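**Q** Before I ask anything, let me first share the structure, which is written out below as structure tokens.
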Amino acid sequence: MEKTEKMKNTSAVKRFAAAIGCAIVAILPYSCEITLPDPPSPESAVRTDTFDFETRYPGARILEAYRRGGDETITDIKFIDRDGLEGKAIYCGGTWMVTEKKYDTGNFLYMIPRKVARAYIGTGVEYEDYCSDNYYVVEISRNGIDRKQYEFLFDAPYSDGTEYLENLVHHIVIDEDGTLLTCSHHSFNRSIWWHDMRTSIGCVRARYPEATLLGAVNDCGNNTLFIRDGGILKKVVTHDRGFGFEWQETTYSLDMGTPLPASVVAEKEAYEKAHPGQKFFALSSVERPHGLFYGLTFGEELNNTTIYSKAE
């Protein structure tokens, strides 16, 4: 009797399992009809960015287009434009970010816009040396910046009347209308390496909504934007403390004869008394999160000290 009962139980289990199996088989054909769209392939992303590029730069010949990056799709497009300039455009997540075009360092003065060439010559540099592979003349177009900028990186002799250097680095940035944005004696990071400045640009746009954004460079990790605000050429520095780029400082030059508050004059005179060998070299307005200051620079172009005195 016990054996028979066990056999009945076993048979019931088998019948139940068979029923479950039939139910699964019955469901499978219908479940196969519910499909999710495939994610876009790297090849399709490249094709989409290439289509935008061809619309943006008609007549350019694409040499190579490829995808790179991790979490977001980055497409590099190398090309020759219709003027014969070699270039590179970068897209990020389907959005055009920045384009670099390279000029021949031997005859660029005959190819760059006339206003830019005049501003370059107006810096007074002579006997430039572009022989290093690290030196260049490039045109930069950037999403969110209102002007193209032209960058020149080279060595050249330098003299301030008392000191002569046979080779000193010069990094000059000029906007397409011929405004000299900076002539620095240290090199900024190459602009094409810093393709995404959207956070910095948005930060500056919010702070200076009426300003024209003339150009931008990455200086030791900080993004520096050059703007014209109310007719004044200003330099706006943004810094990333780990939460995205935020406004850090805005500076612009003041005439050396600008009247100063009594407290600033007192600090100036105290510094000059303590450092009689350093002449008053430059004056600037400096705005920071904790207040407005005068920047008083003493010394010379290559060796100087700036003190900051609170504006009253």
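The values are calculated or read from the model by the stated rules, or taken from the named source; none is laboratory data. All values derive from a computational prediction rather than experimental measurement. No Cβ is skipped: glycine too gets one built from the backbone with ideal geometry, and neighbour counts run over all protein chains shown. For the accessible areas, the whole protein counts, side chains as well, though only heavy atoms, and no ligand, DNA or RNA atoms are used. Shrake-Rupley method; radii C 1.70, N 1.55, O 1.52, S 1.80 Å.
**Q** What's the number of the only condition in (1) under 23 Å from Glu287 (Cβ atoms); (2) within 12 Å of the chain's Cα centre (by Cα) that Arg228 fails to meet?
**A** That leaves (2) as the condition not met.
**Q** Which of the strands (runs of 3 or more DSSP E) contained wholly in segment 178-288 include at least 3 residues that are under 30 Å from Lys101 (Cβ atoms) and either open to solvent by 40 Å² or more (accessible area, probe 1.4 Å) or free of Cβ contacts under 8 Å to residues at least 24 places away in the same chain (or both)?
**A** Output list reads 180-184, 222-229, 232-240.
**Q** Next up: From the list Asp133, Asp129, Asp155, Asp146, exactly one residue is within 19 Å of the chain's Cα centre (by Cα) and surrounded by fewer than 20 Cβ atoms within 10 Å (Cβ to Cβ). Which is it?
**A** Of the residues listed, the single one that is within 19 Å of the chain's Cα centre (by Cα) and surrounded by fewer than 20 Cβ atoms within 10 Å (Cβ to Cβ) is Asp146.
**Q** Please find, within segment 120-143, the residue that is farthest from Leu213 (Cα to Cα) out of those that are in contact (Cβ under 8 Å) with a residue 40 or more places away in the chain and in a helix (DSSP H, G or I).
**A** Of everything passing the filter in segment 120-143, Gly122 is farthest from Leu213 (Cα to Cα).
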